[in-house]
Amino acid sequence: MSTATGLTSTEYIKHHLQNLVYGKLPVGYERTDGSVLTEASWTFAHSPREAVDMGFWALNVDTMGWSVFLGMIFCCVFYRVARNMNTGVPSGLQNVIETLVEFADNNVRETFHGRSHPVVAPLALTIFCWILMMNTMDLVPVDLLPLLAQWLTGNPHLYFKVVPTTDPNITFGFSISVFILIIFYSIKIKGFGGFVGELTLHPFGKWMIPFNVLLEGVSLLAKPVSLALRLFGNLYAGELIFLLIAMLGYWQLPLHFVWAVFHILIVVLQAFIFMVLTIVYLGMAHEESH
């Protein structure tokens, strides 16, 4: 089956699921077009193979760009509303922002009972809004922004993904940041000895230390892994379904609408779940050792 771009169905899906990667290729590397590099070069990948060969320090430009752009929108909107706060008759935007702030604050008050509420509440609000904005990019027609990017650059084969949360680098970035905070507050509240004791002495006491470390270690490491993979998996699957629908020709219009309406629930729910689990995990980190 062919698409409007002249690609087969498999090529179309692979193209849309590949990031725009910038990285370093070694001297003597044979590129996709058959050319050979005479010196090590920082460049954009022209194929998935080149992206893999660029290694760990390669940068997903589209993911990073959209993440920063959406983060800047979040900061600018909230800053503008805070600067122009009206205690009389609020504007519609102010009502929306106040609702979001109250929503995040209420979730923290109901779930978190530690002493770091002034930190955790803004963190929860930021996580919810930023992830929600990233997830919402999945509702943009799958070909619109990639085709616009190809037209602006003059490269009809340019890779360009617009949903940051379909990139595990972003979801693991979020989850590892939360994990670092979990470790930080666990040590701050319980002390280093209390933190180590929690890993080694729970739940079966000092006679089962190796078994305790195994259980508690797996439980601790599962938190960032589950946070990242849950968000990535749901959004990646949603994007893949949009791509499959896009290959159905005229039938895609009603099916896109139906799936988009249903996907709105996923977009909001995944942001909410990530926020709530972050609050719960930080609350557990603030519990005193016994």
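Values quoted throughout were computed directly from the atomic coordinates according to the rules given, and no laboratory measurement underlies them. All figures in this text were calculated on a predicted structure; none of them were measured in a lab. Glycine also receives a Cβ, built like all others from the backbone with ideal geometry; neighbour counts cover every protein chain displayed.
Data table
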read-out: Axial C-alpha extent at least 20 Å, average Kyte-Doolittle at least 0.5 - helices from the chain (DSSP); value: 61-83, 117-136, 168-201, 209-246, 252-285
read-out: Quotient of C-alpha Rg and 2.2 N^0.38 Å, computed over the chain; value: 1.21
read-out: Computed FRET value (nearest 0.05) for THR10 with LEU215, which takes r as the C-beta separation and R₀ as 45 Å; value: 0.55
read-out: Inter-site label distance for ALA82 and LEU229 at 7 Å from Cα along Cβ, in nm; value: 3.7
read-out: Largest-first ellipsoid semi-axes for the stretch 68-180, taking √(5λ) over the Cα gyration tensor eigenvalues, angstrom; value: 32, 21, 11
read-out: Cα-based Rg and Dmax for the stretch 1-120, where Dmax is the largest Cα-Cα distance (Å); value: 23.5, 68
read-out: Calculated [θ] (222 nm, deg cm²/dmol) that DSSP helices of n ≥ 4 give over the chain, each run adding -39,500 (n - 2.57); value: -23000 deg cm²/dmol
read-out: Debye-sum result for the stretch 36-76 in log10 I(q)/I(0), which assumes one identical scatterer on each alpha carbon, at q = 0.24 Å⁻¹; value: -0.84
read-out: For the stretch 160-290: span of alpha carbons on each principal axis (Å, largest first); value: 66, 25, 25
read-out: Reachable aspartates and glutamates, given that their alpha-carbon falls under 15 Å from the alpha-carbon of LYS206 and they are not under 8 places away in the same chain; value: GLU198, GLU216
read-out: Under DSSP loop assignment and at most 13 Cβ neighbours within 10 Å, longest chymotrypsin sites (Phe, Trp or Tyr not before Pro)-free interval of the chain; value: 58-203
read-out: Cleavage-rule hits, GluC sites (Glu not before Pro), the stretch 1-62, DSSP coil, Cβ neighbours within 10 Å at most 15; value: GLU39
read-out: Contact order relative to length of the stretch 1-77, as percent, for alpha carbon pairs under 8 angstrom and 6 or more apart; value: 29
read-out: Segment ASP33-HIS117, length gained on full extension (0.36 nm per residue, minus Cα span); value: 24.7 nm
read-out: Kirkwood-based Rg to Rh ratio, the stretch 108-150, C-alpha trace; value: 1.31
read-out: Size descriptor, Kirkwood hydrodynamic radius, that averages inverse alpha-carbon separations across the stretch 246-290, Å; value: 13.4
read-out: Mean separation of Cα contacts under 8 Å (6+ apart) over length of the chain, as relative contact order %; value: 22
read-out: Computed over the stretch 31-100, Cα set: Rg, Dmax in Å; value: 22.0, 67
read-out: Local net charge near HIS256, Cβ-Cβ under 15 Å (Lys/Arg +1, Asp/Glu -1); value: -3
read-out: Computed over the stretch 162-290: relative contact order in percent, which uses C-alpha pairs under 8 Å that are six or more apart; value: 39
